[in-house]
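Have a look at the structure below, then the notes.
The values are calculated or read from the model by the stated rules, or taken from the named source; none is laboratory data. As the structure is a prediction and not an experimental result, all values here were calculated from the model. Cβ: placed from backbone, ideal geometry, glycine included. Neighbour counts: every protein chain shown.
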Amino acid sequence: MIDDLQAISNRRFHHGSIIYDFHHREIDPAFLDNPTIRKLNRYIEMIQNEDFPVALFNNPSIPRASRMRIANLEHVQKTYLQHYLFEAHLVERITPDQTPIPSYVQDVFRSYKEIAPATKPNHEPVLKNILLRDKRSVAIELPIWRVTGLKKDSLTGHIDLLQVEKQDEGRYEIKILDYKPEGEDKFLFALPQIALYGFMMREKLSPDEHCDLSCYIFDKKIVWKFKPDILQQLDDKLAHYNVPRHWMTFLSN
């Protein structure tokens, strides 16, 4: 574990009134044969060197992706949409026997129950535990942004967890993960936030044909997988329900 800790680099960013502890480990050098993974590696190095528009994150007039949530749904509408997402294969449920992520979260909860039973762990210990234990993990609290000519159409955010996984036949997957402890009943509301992270990262990397980019939401029981394009695929249904869809501005510019 000491060796693992020594392999982690970090920077602390004060963005607005919130402190973000960005941590990262080196991407496996063998993965750098892929041009998209090389771009990602350079991007992470830029963040470590604070070579990015920090002022953008401290500008209160710049929207944050975390404020983009599906709202104003009636219970029957929410229930229908969740069923639709699964039945149309727009969202995939990944169970604990398919991924260790939920077990890592549970381990943190168990530790807190033993050490501080009156408190529940926040994002920081959960994310750090995964970064240390899951070698696919390369960064937590990773700043992400897009800039346009109009401030209201620019956007910032912080990706909870970024992973890179090598798959069969020389393919790679870049995974954008966000921890939402609210569970199965509420993961739907956070789809815009994480999809926007994926959209912004896809803009920056322009993944090649050998590299996929996917979004994930997870808690201590399950993981939900989807593509950044899910917002466009859901737009007609959300419009029918008169849901404010402020995020569409960022997808069309």
Within the group Glu141, Glu165, Glu182, which residue is of a type in the set (Asp, Glu), assigned to a strand (DSSP E or B) and more than 21 Å from His14 (Cβ to Cβ)? Glu165
Restricted to region 91-138, and to residues that are of a type in the set (Ser, Thr, Tyr) and in a loop (DSSP other than H, G, I, E, B), which residue is modelled with the lowest pLDDT? Thr119
Taking Met46 and the conditions (1) at pLDDT 95 or above; (2) buried (at least 18 other Cβ atoms within 10 Å of the Cβ); (3) touching a Phe, Trp or Tyr at 6+ places or on another chain (Cβ under 9 Å); (4) not basic (Lys, Arg), which numbered condition does it fall short on, given that it satisfies the others? (2)
Return the residues of region 67-90 that are crowded, with 17+ Cβ neighbours inside 10 Å, part of a helix (DSSP H, G or I) and touching a strand residue (DSSP E or B) at 6+ places or on another chain (Cβ under 9 Å); say none if nothing qualifies. Leu85
How many of the residues in region 214-227 are over 11 Å from the mean Cα position of the chain (by Cα), in a strand (DSSP E or B) and either modelled with pLDDT under 95 or among the aliphatic types (A, V, I, L, M) (or both)? 1
Taking region 185-213, which residues are in a strand (DSSP E or B) and under 15 Å from the mean Cα position of the chain (by Cα)? Asp212, Leu213
Residue in region 121-133 that is surrounded by the fewest Cβ atoms within 10 Å (Cβ to Cβ), counting only those that are closer than 23 Å to Asp185 by Cα and free of Cβ contacts under 8 Å to residues at least 24 places away in the same chain: Asn122
